[in-house]
Amino acid sequence: MKKFLRVLTLVSLFLLSVAPLAQTTASAQDAATLNLSLGTEPPTLDPALATDSTSGSIIRNVFEGLTHNNHGEIEPGVAESWEESEDGLTWTFTLRQDSTWSNGDPVTANDFEFSWKRALNPETASQYASILYPIAGAEEFNSGEGEEDAVGVTAVDDYTLEVTLNNPTPYFLELTSFYTYMPVHQATVEADSTGWAAEAGETYVTNGAFNLDTWNHNSDLVLAKNAEYWDADNVALETVNIQIIEQESTANAEFQAGNLDYLGTPYGTVSLDSIDMYRANEELNTVPYAAIYWYKLNTTDELMQNVNLRKALSLAIDRQGLIDNVIKGGQLPALGVVPPTIEGFEEDRGYMQDAAFDEANEYLALAMEELGISDPSEITVNISINDSEAHSTIAQFIQSGWATNLGINAEIDSTEWQVYLDRLNVLDYQVGRMGWIADFNDAISFLDMYRTADTGNNDTGWENEEYKNLIDESAAEEDPAARTQMLLDAEAIFMEEMPVIPVYYYTSNYVIQDHVQNLEPDALGNVSLKDVSVSAE
């Protein structure tokens with residue numbers, strides 16, 4: 001959940017010295033109301049355009065795809081049943097006839113065909129279009145080399161959707177629960193292709209368990225139970241209040257005052273200055289998390305195009321020191337791209353050592369010779385981050401390490417989240433922090449975005465023909481062991497060329513008020529609010 005792509009704000013070094021934002025305590029809370037927070041404004045609430053976990057945390061609960069991912073178990077969503085052909089190339093989904101849009105229109109197979117082809121249309125400029133590439137003709141249409149009619153998704157009738165794949169895809173059913181695969185209301189989108197998802201209200205037509213009732217930009221959002229949702233009888237919450245609280249310390253103060261019911265992915269974070277207290281009080285919960293914190297490198301930059309400099313920067317980071325002294329959440333040093341929560345990647349692959357300062361300086365010497373630089377102090381690297389106490393603290397730790405261990409200079413710049421995403425997308429940076437959560441439980445979720453320089457969410461300018469061929473061959477390989485080996489070989493190439501510096505693998509740390517039930521992030525960092533209930537106190 002991209003870019004991260006996806007927003008992965010972690011920890012704070014600031015004291016909890018702020019007054020509560022609201023006075024609604026847990027004891028006075030309505031049993032049908034849940035109070036949450038986000039660290040930033042969602043950049044978009046359009047399923048085709050979203051790339052980050054903040055946007056996804058809303059989209060996943062106001063839209064619904066063909067299926068619903070319940071902690072790794074794929075359950076019926078809009079589709080009540082499905083069939084896979086013997087050769088694994090054709091999927092036929094039968095849609096339920098009681099699924100409706102928030103304006104009362106029925107949700108049909110035509111909505112899915114329109115929505116998937118819209119995401120693939122080059123004019124939509126979806127950075128996540130590549131997640132639809134398992135579908136026959138999808139990549140060709142998205143790249144401008146094929147026709148829309150050749151895309152293998154067809155509404156056979158109002159309630160039957162047929163999908164043809166390029167190759168048998170073991171995780172395809174899981175993909176159908178991801179937000180890029182979620183439907184949008186065709187008439188609404190065609191009436192205002194850019195503004196329909198910009199505000200709450202009648203123009204934001206959705207089909208999920210909740211409606212977007214209110215959106216006060218940069219302040220708060222309110223989700224209201226969708227009474228017309230096909231499974232409304234099993235949705236306990238009536239209202240979800242979501243405050244936008246940029247400072248991690250402020251959000252933790254709100255939780256401790258009883259004004260927030262939960263802090264953790266994707267709704268806020270446990271700050272550094274409170275994590276030890278939560279742990280001592282046995283309030284801290286930790287669950288596995290298929291996610292990585294990494295520093296992307298702009299390989300088209302004059303300095304960053306040098307692979308030896310990229311390796312020097314990576315080897316000169318003391319990851320365990322960062323974990324022990326700064327973020328303190330039980331994370332693991334990332335010495336590869338794919339987290340050990342993914343099958344086939346559980347063991348250390350031996351790509352590099354953490355805090356290998358001597359080796360880092362050997363690579364730096366090679367880089368300086370190639371760049372015509374005589375002294376490390378002549379090198380200045382710019383670290384770009386999005387606004388966050390946590391990311392600033394992490395960047396300062398790495399900045400200090402590079403100065404001490406390599407003798408180079410580093411500067412840090414910070415920008416608002418949407419501006420930051422735009423900068424990375426157009427390669428307006430040297431070193432840029434980002435987090436990435438698996439979109440589905442497979443190593444390809446971490447590797448496929450680097451298939452080509454133009455692949456959405458690449459953001460590095462890097463590509464490698466051998467790497468691309470391995471990714472492509474893995475898509476057609478039906479033997480699981482052989483496929484895993486191809487992905488391991490691809491990761492090895494990636495780590496040798498180092499267009500991204502892996503920093504650490506996440507753990508999901510969260511705290512929750514006692515009166516909240518069934519709220520736990522899954523291994524992909526997702527929360528299904530339709531399953532949550534709150535007891536009155």
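When only residues in region 129-159 that are of a type in the set (Val, Ile, Thr) and assigned to a strand (DSSP E or B) count, which is most open to solvent (accessible area, probe 1.4 Å)? Applying the filter and picking the extreme gives 156.
Assessment of region 284-300 against the conditions (in a strand (DSSP E or B) and charged (D, E, K, R)) yields at least one matching residue.
Yes/no matrix, rows are residues, columns are (1) within 30 Å of residue 478 (Cα to Cα); (2) not small (Gly, Ala, Ser):
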{"position": "54", "(1), (2)": "no, yes"}
{"position": "65", "(1), (2)": "yes, no"}
{"position": "72", "(1), (2)": "yes, no"}
{"position": "80", "(1), (2)": "yes, yes"}
{"position": "98", "(1), (2)": "no, yes"}
{"position": "108", "(1), (2)": "no, yes"}
{"position": "140", "(1), (2)": "yes, yes"}
{"position": "143", "(1), (2)": "yes, no"}
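Each residue in region 486-522 was checked for being under 30 Å from residue 310 (Cβ atoms) and not polar (S, T, N, Q), and 21 of them qualify.
Among 57, 115, 126, 53, which is the only one that is buried (at least 23 other Cβ atoms within 10 Å of the Cβ), in contact with a helix residue (DSSP H, G or I) (Cβ under 6 Å, 6 or more places away or on another chain) and hydroxyl-bearing (Ser, Thr, Tyr)? Lay out the reasoning, then the answer.
Details: 57 fails: in contact with a helix residue (DSSP H, G or I) (Cβ under 6 Å, 6 or more places away or on another chain); 115 fails: in contact with a helix residue (DSSP H, G or I) (Cβ under 6 Å, 6 or more places away or on another chain); 53 fails: in contact with a helix residue (DSSP H, G or I) (Cβ under 6 Å, 6 or more places away or on another chain).
From the options 57, 115, 126, 53, the qualifying one is 126.
The residues on offer are 80, 162, and the sole one that is in contact with a Lys or Arg (Cβ under 6 Å, 6 or more places away or on another chain), of a type in the set (Asp, Glu) and not in a helix (DSSP H, G or I) is 80.
Applying the criterion of at least 1 residues that are within 12 Å of residue 530 (Cα to Cα), open to solvent by less than 40 Å² (accessible area, probe 1.4 Å) and touching an Asp or Glu at 6+ places or on another chain (Cβ under 7 Å) to the strands (runs of 3 or more DSSP E) found wholly in region 207-252 leaves 220-225. Criterion applied to 164, 188, 160, 206 was being touching a strand residue (DSSP E or B) at 6+ places or on another chain (Cβ under 8 Å) and farther than 30 Å from residue 88 by Cα, and the one residue passing it is 206. Name every residue in region 511-527 that is open to solvent by less than 10 Å² (accessible area, probe 1.4 Å) and part of a strand (DSSP E or B), in order of residue number. Answer for region 511-527, where residues must be open to solvent by less than 10 Å² (accessible area, probe 1.4 Å) and part of a strand (DSSP E or B): just 511.
Can you give me the number of residues within region 261-283 that are assigned to a loop (DSSP other than H, G, I, E, B) and over 19 Å from residue 516 (Cβ atoms)? Talk me through it step by step, then tell me what you get.
The first filter runs over region 261-283 and keeps only residues assigned to a loop (DSSP other than H, G, I, E, B), leaving 261, 265-266, 268-271, 281-283.
Among the residues that remain, those that are also over 19 Å from residue 516 (Cβ atoms) are: 271.
Residues that pass the stated criteria total 1.
Residues in region 165-177 that are crowded, with 19+ Cβ neighbours inside 10 Å and not in a helix (DSSP H, G or I): 165, 169, 176, 177.
Could you go through region 327-335 and let me know if any residue there is part of a helix (DSSP H, G or I) and either over 28 Å from residue 484 (Cβ atoms) or at pLDDT 95 or above (or both). There is at least one residue in region 327-335 that is part of a helix (DSSP H, G or I) and either over 28 Å from residue 484 (Cβ atoms) or at pLDDT 95 or above (or both).
Residue-level analysis places residue 188 among those that are assigned by the TED database to the domain that holds residue 60, at pLDDT 95 or above and either open to solvent by less than 20 Å² (accessible area, probe 1.4 Å) or over 24 Å from residue 521 (Cβ atoms) (or both).
Inspect all residues belonging to region 477-493 and state whether any of them is open to solvent by 10 Å² or more (accessible area, probe 1.4 Å), of a type outside the set (A, V, I, L, M, F, W, C) and touching a strand residue (DSSP E or B) at 6+ places or on another chain (Cβ under 8 Å). No, region 477-493 contains no residue that is open to solvent by 10 Å² or more (accessible area, probe 1.4 Å), of a type outside the set (A, V, I, L, M, F, W, C) and touching a strand residue (DSSP E or B) at 6+ places or on another chain (Cβ under 8 Å). If the condition is being open to solvent by less than 10 Å² (accessible area, probe 1.4 Å) and either more than 8 Å from residue 498 (Cβ to Cβ) or among the hydrophobic types (A, V, I, L, M, F, W, C) (or both), then region 302-314 contributes 304, 309, 312, 313. A Cβ distance below 9 Å, combined with a sequence gap of six or more or placement on separate chains, defines the contacts here; from region 152-167, residues that are closer than 21 Å to residue 475 by Cβ and in the same structural domain as residue 119 (by the TED database) reach residues that are of a type in the set (Asp, Glu) and open to solvent by 20 Å² or more (accessible area, probe 1.4 Å) in the pairs 152/162; 153/113; 153/162; 166/139; 167/477; 167/478. Screening residue 321 against (1) crowded, with 20+ Cβ neighbours inside 10 Å; (2) of a type outside the set (S, T, N, Q); (3) modelled with pLDDT of 95 or more leaves a single unmet condition, (1). Note on region 387-408: residues that are of a type in the set (Asp, Glu) and part of a loop (DSSP other than H, G, I, E, B) total 1. The single residue among 361, 382 that is outside any helix (DSSP H, G or I) and open to solvent by 30 Å² or more (accessible area, probe 1.4 Å) turns out to be 382. For region 75-91, which positions are surrounded by fewer than 16 Cβ atoms within 10 Å (Cβ to Cβ) and either on the phi < 0 side of the Ramachandran plot or out of contact with any Leu (no Cβ under 8 Å at 6 or more places or on another chain) (or both)? Residues satisfying the conditions are 75, 81, 83, 84, 85, 86, 87, 90. Being within 19 Å of residue 452 (Cβ to Cβ) and in contact with an Asp or Glu (Cβ under 7 Å, 6 or more places away or on another chain) is a property that residue 133 has.
The values are calculated or read from the model by the stated rules, or taken from the named source; none is laboratory data. Bear in mind the structure is a predicted one, so any value in this text is a computation, not a measurement. Neighbour counts are summed over all protein chains in view; Cβ atoms, including those assigned to glycine, are modelled from backbone coordinates with ideal geometry. In case anyone asks, the SASA skips ligands and DNA or RNA and just uses the protein heavy atoms, side chains included. Shrake-Rupley method; radii C 1.70, N 1.55, O 1.52, S 1.80 Å.
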